[in-house]
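Here the structure comes first, spelled out in structure tokens, and everything after it is commentary.
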Amino acid sequence: MNKRLTHIGFSQRIRLEWLAQTANLVLAGNDETSIYNALQDLLNDKLSVGSNARWNNREKAIIILMKIWVRPPYPLRHVHQAGLELLARLPSEYHIAIHWGMTMAVYPFWGAVAAHVGRLLRLQGKVRHAQVRRRIMEQYGQRSTVKDAVRRVLRSMVDWGVLRDALPGHTGRFDGTYVSGLSLEIARVELITWLVEAFLHAHSENSVAFQTILNSPRLFPFCIYPVPAAHLVAASDRLDVLRHGLDQELLLLRTTGQA
């Protein structure tokens, strides 16, 4: 199995603005050393070096940021380059979807957490931290690293604005309950095509029903316009479509690699 699918790796809470800055540094033509140094400066005030623990936190955050937008796993090189091109071309309101897709492709653990969050939001309109943690630990194992990573991903999603802390109860304290935040409608074929490709890189199956992708809880912050699958295949030479039965279309990557 692809190692990325079982790897956790999300060792720090990651803000959307940090990802945006990292991608901007790449688009500006900076080399890896320059980007690393710029991120050190950026996170100096956010994750201070006042102690070894905080220094380690900053280093971990930089590793995540650079793995997503500077040096992604080799099989993701094409989706990475296409994502950067979309960031350069599309209005900023769509950038969150690109950062989401690239984060999910590099760290499928992010998508696994999102899947449970999105499913619970659909079922009950809110989600509790403990519910997501329990389901993820059933999937990834009863380890402290898994527990901590769930918390970091959920808090990252709050930072990104796709989740909100539910109003506190009579105690006046937030209790780890979340409700939906922003929701973005996506009708641009080039962005839908790219999100489908990123989704497939983060999925364990070689092919996935097109409607399953469009309605996936992994993409819960986005309302994706139902375009024909043929339009996506026409827009990307890395996607292919297979017909299954009378009315089901399966999308798959034309070339796959092992991370």
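The values are calculated or read from the model by the stated rules, or taken from the named source; none is laboratory data. These numbers come from a predicted model, not from an experiment. Neighbour counts are summed over all protein chains in view; Cβ atoms, including those assigned to glycine, are modelled from backbone coordinates with ideal geometry.
The residue that is surrounded by the fewest Cβ atoms within 10 Å (Cβ to Cβ), among those in the range 226-235 that are under 11 Å from Ile192 (Cα atoms) and among the small types (Gly, Ala, Ser), is Ala235. The test for being among the hydroxyl-bearing types (Ser, Thr, Tyr), at pLDDT below 95 and closer than 20 Å to Thr22 by Cβ holds for Tyr74. Does Thr193 meet the test of being touching a Ser or Thr at 6+ places or on another chain (Cβ under 8 Å), at pLDDT 95 or above and of a type in the set (S, T, N, Q)? Considered against the rule, which asks whether it is touching a Ser or Thr at 6+ places or on another chain (Cβ under 8 Å), at pLDDT 95 or above and of a type in the set (S, T, N, Q), Thr193 comes out as yes. Of the residues screened, Val146 is one that is modelled with pLDDT under 95 and part of a helix (DSSP H, G or I). For the range 60-96, a residue qualifies if it is in contact (Cβ under 8 Å) with a residue 60 or more places away in the chain and over 26 Å from Leu43 (Cβ atoms), and the qualifying residues are Tyr74, Pro75, His78, Ala82, Leu90.
Among the residues making up the range 187-215, those that are assigned to a loop (DSSP other than H, G, I, E, B) and over 16 Å from Thr103 (Cβ atoms) are Ala187, Arg188, Ser204, Glu205, Asn206, Asn215. Among the residues of the range 187-212, the ones that are touching a strand residue (DSSP E or B) at 6+ places or on another chain (Cβ under 9 Å) and closer than 23 Å to Leu154 by Cβ come to 3 in all. Scanning the range 161-174 turns up at least one residue that is among the hydrophobic types (A, V, I, L, M, F, W, C) and either at pLDDT 95 or above or part of a helix (DSSP H, G or I) (or both). Name the residue that is surrounded by the most Cβ atoms within 10 Å (Cβ to Cβ), counting only residues in the range 107-165 that are touching a residue at least 60 places away in the same chain (Cβ under 8 Å) and of a type in the set (S, T, N, Q). Filtering the range 107-165 for residues that are touching a residue at least 60 places away in the same chain (Cβ under 8 Å) and of a type in the set (S, T, N, Q), the one surrounded by the most Cβ atoms within 10 Å (Cβ to Cβ) comes out as Ser156. Here Ser180 qualifies as more than 17 Å from Gly9 (Cα to Cα) and touching a Pro at 6+ places or on another chain (Cβ under 9 Å).
Within the range 216-245, the set of residues being more than 23 Å from Val162 (Cβ to Cβ) and not in a helix (DSSP H, G or I) comprises Pro228, Ser236, Asp237, Arg238, Leu239, Asp240, Val241, Leu242, Arg243, His244, Gly245.
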